[in-house]
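Structure record follows, encoded as structure tokens.
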Amino acid sequence: MGVTDGKKDRPALRFECTQCGECCWTRGEYAHVYVTQEDMLRMAASAGLETKEFRSLYTVRGDDGWVELDFPGGRCVFLDPVTNLCQFYDVRPTQCRTFPFWPELLRAGRWTAEARRICEGVGQGREVPADEVAERLETQRRADES
Ligand code: SF4
Ligand code: SF4
């Protein structure tokens, strides 16, 4: 049964995070969590640090010039090794907030096989309302362009 968002029918998408933590590790080409300036300000403020200090402690600059979170040993610097949970969940980067509703994982409004491959929560749990999907997609598009 499709969900109408005013423009077209989209299939209902199910998603529920199992907290497996897999998306907080580098996996093949998924090796980067990019940090926008807005993300940096929000996270630094939460940590009680100056932006410059936060950047120096927790981020690196990739070959493409983008600032991204550090992944020592392949694990995000903010993934708690004991609880397997994000230590900055409430203020995590946009890319983490919108996952797995990324444009490249939602072709024509449908999950790709790739989305199912990299996230075990895709296709599980509650039906996510079309307006929530659209909002996350748009947020990620804006971050990609910033
Ligand atoms: S890979 Fe998917 S299910 Fe696992 S922690 Fe990330 S969002 Fe949640
Ligand atoms: S910031 Fe948090 S949610 Fe994002 S990759 Fe790191 S541990 Fe995972």
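Pick out, from the stretch 43-146, the helices (runs of 4 or more DSSP H) lying fully within it that include 3 or more residues that are open to solvent by less than 20 Å² (accessible area, probe 1.4 Å) and closer than 23 Å to CYS17 by Cα.
Working: elements: 51-58, 94-98, 113-118, 130-145.
Filter on the stretch 43-146 gives 130-145.
The set of residues in the stretch 1-33 that are under 13 Å from the mean Cα position of the chain (by Cα), in a strand (DSSP E or B) and modelled with pLDDT under 95 contains only TYR30.
Could you list, in sequence order, the residues of the stretch 16-34 that are in contact (Cβ under 8 Å) with a residue 60 or more places away in the chain and surrounded by 15 or more Cβ atoms within 10 Å (Cβ to Cβ)? Write out each step before concluding.
Initially, the stretch 16-34 is screened for residues in contact (Cβ under 8 Å) with a residue 60 or more places away in the chain, giving 16-24, 27, 30, 33-34.
Across the stretch 16-34, the qualifying residues are CYS17, GLY21, CYS23, CYS24, VAL33, TYR34.
Within the stretch 56-75, which residues are among the charged types (D, E, K, R) and at pLDDT 95 or above?
First, the residues of the stretch 56-75 that are among the charged types (D, E, K, R): 61, 63-64, 68, 70, 75.
Across the stretch 56-75, the qualifying residues are GLU68, ASP70, ARG75.
Yes/no matrix, rows are residues, columns are (1) in contact with a Lys or Arg (Cβ under 9 Å, 6 or more places away or on another chain); (2) of a type in the set (Ser, Thr, Tyr):
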site	(1), (2)
GLN87	no, no
PRO103	yes, no
ARG107	no, no
THR112	no, yes
THR139	yes, yes
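The values are calculated or read from the model by the stated rules, or taken from the named source; none is laboratory data. For clarity, every value in this text was computed on a predicted model and none was experimentally measured. Don't worry about glycine lacking a Cβ; one is built from the backbone with ideal geometry, like all the others, and counts go over all protein chains shown. Just the protein is used for accessible areas: all its heavy atoms, side chains included, with ligands, DNA and RNA removed. Shrake-Rupley method; radii C 1.70, N 1.55, O 1.52, S 1.80 Å.
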